[in-house]
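Chemist: This is the structure I have questions about; it appears just below.
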C-alpha cells in the first residue's frame, strides 16, 4: 500500500528525536490492523493518537513497546533500531507501557505492584526515592500501599498503573486510554498528574478516545483511521479543524 | 515486610547469621529424617504410606510452581512423573549389580538411588523444556490441552516400548527407597518452592499469573520465566516418579494416567493455587483420606459382607468431600497464602511488617 494522504495542519514545535515509527504494518492473521503508520515522538513531547474503535491505536502502541511484532516498517527508539525487539529488552532502554484496561495486578498490594514496576532495576536507593516521588504525585497510593490493588477505585487503579510504569524510569511513557471508564473529575486529576510527569522530562505517547482531552493535553496529535494516519498537527490546531470537530467532538 | 526485602535480594528470618541461613534448614532436616527412618524401620505399611504421601507432596508442590504461582494450567504432570519413573527405573536396573565396595551396602544403594533419581529428574526436566518451549506461548485452555496430550503420548509410548516393559511394566527395580531419602526430596522441593516465592523470580511468576500483558510491559520475559517454572516443576515430578519406582514393586503405564494428573491438580487446587503449604496439607489430606475412610468403614462392619458394601461407598464419600470443600472454600484451603499467614495466632512468631 502506498503512503496515504496525510493532511498536516500547522507547524510542529521542535523536539530532539526520541521515537520514530516508519511505515509500520501489523497483521493479526489475515486482518491487517496497521497499514503503514508513520509517526514521531520527540524528547519531552506529548503526542496523542486519536481515532475511532479499531483504527489501530492500541496496535500501534503494542508494536512500539515490543508486544507485537510488526510485519513491515521500522521503529527506532533512542537512536537504536528496535523493530521487532521484545518488550523485556525495551523496558531497560526506557520504554514503559501502561496497557489498556490498566493491567494492574489485582491480587498484589499497591506496594508490590510498584515494586514490579521497578522490576528490572537493582538500585534499591533509587527505587525508594522514585517510590517516594510517585507517592508525592499520587498521595492516595501511599495511603493504600498495603491494600490489594484490586480493591482500589478505577481512578486509583489508573494512578497505580501510571506510577508503576514510571518506576522503570522511562524516557517514553506509552499510555493506552487512561481515561477509560473514569469519572470526568478523576480523569482531570489524572491528566493534571500527567502534565507533572511530562514536566519532569518524560515523553508521552497517549492513545485516547476522548479526543478533546487528549488534544488539549498533547503538543502534537495524529488521527488514525483504519490502520493509517490521515491527519496530523499540533493539538490545538487539530482541535480547531472542522473535520475533527465533526468526526470526534460531535459538533 | 517480606516484599521489600525480596527486591533487595534477601529473604528469610533475621537473627540467624547470613552464612548459616542457607544450610540451616538442611541441618535441621537431616537428623529429623534419620530419626524418622529409624522409628519406621519395623513398620513397612507406615513406611509405604509415608512414601506415597511424600511422593504426592513432591508432585503437588512442584505442580503448584506452574499452576499456582505462574497461573498456567498444566494437567499432564503424571506424564513427567512417568518419564522420571521409567528413566530412573531403567537406570537402576542397569546399575543393579554394581556396588561401591568402599562403602557399606546401604550407603552404596543410596548413592545409586540418587544417581537414578537424577537421571529421571533431568530427563523429565528435558521433557518439560521440550514441551514447554512451544506450548507455553499458548494460554489457558490451550496449554491445558497440550499438556494433557503430552501426558497421554508418554503413556502410549511407554506402553509400546520393549525397554520399558510395554503394558506389563518394569519389575525388579531395586527397592532402595527409604523414608529418609523421600523426606529429603520433600524437604528440597519445599525449600526450592519457598525460595522461588520469596525471590524476584517468584515475583515475576506472580506478575505473569496476575496479568500476562502487564507483566510483559513491566519487562518480564514472560516466555522465559514460564519455561523455567515448567522445567523446575517437571524436574521434581521426575524425581517423584523415580522415588515411586523404588518403593513400588512394579511400575506400569496404569500408574501414570490422566487420573493421576487430575489427582495432583486437585491437590493443588484444594490447597489453594499458589500456596506451597496448602499443596502440602492437601496432598497429605488426600493421601490419608481414602485410607482413613477404609479403616473407619472397616471398624463399622465386622461382618465381611457389610464391610465390603461399606467399602464400596468409600470413593463416593471421597468425591463428596471434595465437592463440599470446593463449595465452602472455592479459593482452596489457604488461597494464595501460606499456613502461617492464614493462622498467625497459632504461631507465636510475630508477623513481620504488619
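The values are calculated or read from the model by the stated rules, or taken from the named source; none is laboratory data. Because the structure is a prediction, the values reported are computed rather than measured. Neighbour counts are summed over all protein chains in view; Cβ atoms, including those assigned to glycine, are modelled from backbone coordinates with ideal geometry.
Chemist: In the range B:254-272, is there at least one residue being within 14 Å of chain A (Cβ to nearest Cβ), touching a helix residue (DSSP H, G or I) at 6+ places or on another chain (Cβ under 9 Å) and more than 28 Å from residue B:89 (Cβ to Cβ)?
Modeler: Yes, the range B:254-272 has at least one match.
Chemist: Now a separate question. Quick check: anything in the range B:86-107 in contact with a strand residue (DSSP E or B) (Cβ under 9 Å, 6 or more places away or on another chain) and surrounded by fewer than 22 Cβ atoms within 10 Å (Cβ to Cβ)?
Modeler: There is at least one residue in the range B:86-107 that is in contact with a strand residue (DSSP E or B) (Cβ under 9 Å, 6 or more places away or on another chain) and surrounded by fewer than 22 Cβ atoms within 10 Å (Cβ to Cβ).
Chemist: Read through the list (1) within 14 Å of another protein chain (Cβ to nearest Cβ); (2) at pLDDT below 90, then give the number of the only condition that residue B:143 fails.
Modeler: Result: residue B:143 passes all but (1).
Chemist: Would you confirm whether any residue within the range B:168-181 is in contact with a strand residue (DSSP E or B) (Cβ under 7 Å, 6 or more places away or on another chain), touching a residue at least 12 places away in the same chain (Cβ under 8 Å) and surrounded by fewer than 15 Cβ atoms within 10 Å (Cβ to Cβ)?
Modeler: Yes, the range B:168-181 contains at least one residue that is in contact with a strand residue (DSSP E or B) (Cβ under 7 Å, 6 or more places away or on another chain), touching a residue at least 12 places away in the same chain (Cβ under 8 Å) and surrounded by fewer than 15 Cβ atoms within 10 Å (Cβ to Cβ).
Chemist: Which ones in the range B:43-68 are over 14 Å from the mean Cα position of the chain (by Cα) and in contact (Cβ under 8 Å) with a residue 60 or more places away in the chain?
Modeler: If the condition is that a residue be over 14 Å from the mean Cα position of the chain (by Cα) and in contact (Cβ under 8 Å) with a residue 60 or more places away in the chain, then B:47, B:48, B:49 are the ones that fit.
Chemist: Also, quick follow-up: Taking residue B:78, is it under 24 Å from the mean Cα position of the chain (by Cα), modelled with pLDDT of 80 or more and away from chain A (no Cβ under 14 Å)?
Modeler: yes
Chemist: Here is a follow-up. Test each condition in (1) surrounded by fewer than 24 Cβ atoms within 10 Å (Cβ to Cβ); (2) within 18 Å of the chain's Cα centre (by Cα); (3) away from chain B (no Cβ under 14 Å); (4) in contact (Cβ under 8 Å) with a residue 40 or more places away in the chain for residue A:46 and report the one that comes out false.
Modeler: (1)
Chemist: Hey, residue A:195 hits all of (1) more than 15 Å from the chain's Cα centre (by Cα); (2) surrounded by fewer than 16 Cβ atoms within 10 Å (Cβ to Cβ); (3) touching a residue at least 12 places away in the same chain (Cβ under 8 Å) but one; which does it fall short on?
Modeler: Among (1) more than 15 Å from the chain's Cα centre (by Cα); (2) surrounded by fewer than 16 Cβ atoms within 10 Å (Cβ to Cβ); (3) touching a residue at least 12 places away in the same chain (Cβ under 8 Å), the lone unmet condition for residue A:195 is (1).
Chemist: Going by what's in this entry, would residue B:203 be described as buried (at least 18 other Cβ atoms within 10 Å of the Cβ) and more than 24 Å from residue B:264 (Cβ to Cβ)?
Modeler: So residue B:203 passes the test.
Chemist: Now for a separate question. For the range A:142-172, which residues satisfy the criterion of being within 11 Å of chain B (Cβ to nearest Cβ) and within 20 Å of residue A:94 (Cβ to Cβ)?
Modeler: Within the range A:142-172, A:161, A:164, A:165, A:167, A:168, A:170 qualify.
Chemist: How about the range A:1-24: which of its residues are within 24 Å of residue A:97 (Cα to Cα) and surrounded by fewer than 18 Cβ atoms within 10 Å (Cβ to Cβ)?
Modeler: Hits for the range A:1-24 are A:15, A:16, A:17, A:20, A:22, A:23.
Chemist: Quick one: in the range A:108-141, which of the residues that are under 17 Å from residue A:202 (Cα atoms) and not in a helix (DSSP H, G or I) is nearest to the other protein chains (Cβ to nearest Cβ)?
Modeler: The selected residue is A:118.
Chemist: Name, by its number, the condition in (1) within 14 Å of chain B (Cβ to nearest Cβ); (2) modelled with pLDDT of 85 or more that does not hold for residue A:57.
Modeler: So residue A:57 meets the others, but not (1).
Chemist: While we're on this one: Is it true that residue A:97 is within 9 Å of chain B (Cβ to nearest Cβ) and touching a residue at least 60 places away in the same chain (Cβ under 8 Å)?
Modeler: Against the criterion (within 9 Å of chain B (Cβ to nearest Cβ) and touching a residue at least 60 places away in the same chain (Cβ under 8 Å)), residue A:97 qualifies.
Chemist: Is there any pair linking a residue in the range A:116-132 that is modelled with pLDDT under 90 to one that is exposed (fewer than 14 other Cβ atoms within 10 Å of the Cβ), with Cβ under 7 Å and at least six apart or on different chains, and which?
Modeler: A:120/A:92; A:124/B:8
Chemist: Is there a residue in the range B:35-46 that is touching a helix residue (DSSP H, G or I) at 6+ places or on another chain (Cβ under 7 Å) and under 27 Å from residue B:138 (Cα atoms)?
Modeler: No, every residue in the range B:35-46 fails to be touching a helix residue (DSSP H, G or I) at 6+ places or on another chain (Cβ under 7 Å) and under 27 Å from residue B:138 (Cα atoms).
Chemist: Only one of A:105, A:77 is touching a residue at least 12 places away in the same chain (Cβ under 8 Å), at the interface with chain B (Cβ under 8 Å from one of its Cβ atoms) and buried (at least 17 other Cβ atoms within 10 Å of the Cβ). Can you tell me which?
Modeler: One residue alone meets the criteria, A:105.
Chemist: What residue, of B:61, B:7, B:83, B:16, is closer than 30 Å to residue B:139 by Cβ and at pLDDT below 75?
Modeler: B:7
Chemist: Further, regarding this structure: Those residues that are within 14 Å of chain B (Cβ to nearest Cβ) and either more than 20 Å from residue B:218 (Cα to Cα) or touching a residue at least 60 places away in the same chain (Cβ under 8 Å) (or both), I need them from the range A:60-74; list them, please.
Modeler: A:61, A:64, A:65
Chemist: Would you point out the residue of the range A:84-94, among those that are within 7 Å of another protein chain (Cβ to nearest Cβ) and within 21 Å of residue A:204 (Cβ to Cβ), that is surrounded by the fewest Cβ atoms within 10 Å (Cβ to Cβ)?
Modeler: Checking each candidate, the answer is A:92.
Chemist: Okay, next question. Just wondering, is there one or more residues in the range B:209-229 that are within 18 Å of the chain's Cα centre (by Cα), away from chain A (no Cβ under 14 Å) and touching a residue at least 24 places away in the same chain (Cβ under 8 Å)?
Modeler: yes
Chemist: A further question follows. Name the one entry in B:68, B:89 that is within 14 Å of chain A (Cβ to nearest Cβ), in contact with a helix residue (DSSP H, G or I) (Cβ under 9 Å, 6 or more places away or on another chain), in a helix (DSSP H, G or I) and at pLDDT 90 or above.
Modeler: The unique qualifying residue is B:68.
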